[in-house]
Amino acid sequence: MLEYTPVQLQDATLGVDHSMNEQEDDESLDSQRDSSSFWLDMNLASSMAEVRGILHRFDEPEEEFNNRFPSLAKLVQSLPDETAPPA
């Protein structure tokens with residue numbers, strides 16, 4: 001088991017920003033937390049209607065989404081336009 005002295009731990013974290021990486025401006029997807037939530041929501045979306053709702057909620061224009069997140073855009077492009085009616 002590795003053991004570190006308090007001095008070694010302090011030296012290892014010297015100069016590291018321990019904040020939550022939140023931004024103070026209106027760019028909602030610039031924070032790590034919002035970006036993670038955005039990615040998760042997009043990966044769980046089951047229709048393009050849901051995708052549009054997520055884009056709206058995160059204030060992300062569709063064209064900008066396609067440019068900033070090409071892999072996500074490719075993933076969601078094959079989704080049906082609307083959710084299937086309940087059986």
Can you work out the Karplus-derived ³J(HN,Hα) for every residue in the range 60-72? Use 6.51 cos²θ - 1.76 cosθ + 1.60 with θ = phi - 60°, whole Hz, and x for glycine or proline.
10, x, 4, 5, 5, 4, 4, 7, 7, 10, x, 5, 5
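Highest first, please rank the peptides 43-51, 59-67 by the mean number of other Cβ atoms sitting within 10 Å of their residues. Please report the intermediate quantities before stating the final value.
Numbers: 43-51: 15.0, 59-67: 12.8.
Per-residue Cβ counts within 10 Å, averaged per peptide and sorted highest first, yield 43-51, 59-67.
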Taking θ = phi - 60°, what integer Hz values does the Karplus form 6.51 cos²θ - 1.76 cosθ + 1.60 yield along the range 35-50, in sequence order, with x for Gly and Pro?
5, 5, 5, 4, 4, 4, 4, 5, 5, 8, 4, 10, 7, 5, 4, 5
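Per residue, how much accessible surface does the range 34-75 expose to a 1.4 Å probe? Answer in Å², no decimals. Numbers along the way, then the final one.
Numbers: 2550 Å² over 42 residues.
Per-residue accessible area for the range 34-75 comes out at 61 Å².
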Amide H within-cut-off set for Leu79, under 5 Å, with H built and near neighbours excluded:
none
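The values are calculated or read from the model by the stated rules, or taken from the named source; none is laboratory data. Predicted, not measured: the structure shown is a model, and the values here were computed from it. Glycine gets a Cβ as well: all are built from the backbone with ideal geometry, and neighbour counts include every protein chain shown. Surface accessibility is based on the protein's heavy atoms, side chains included, excluding ligands, DNA and RNA. Shrake-Rupley method; radii C 1.70, N 1.55, O 1.52, S 1.80 Å.
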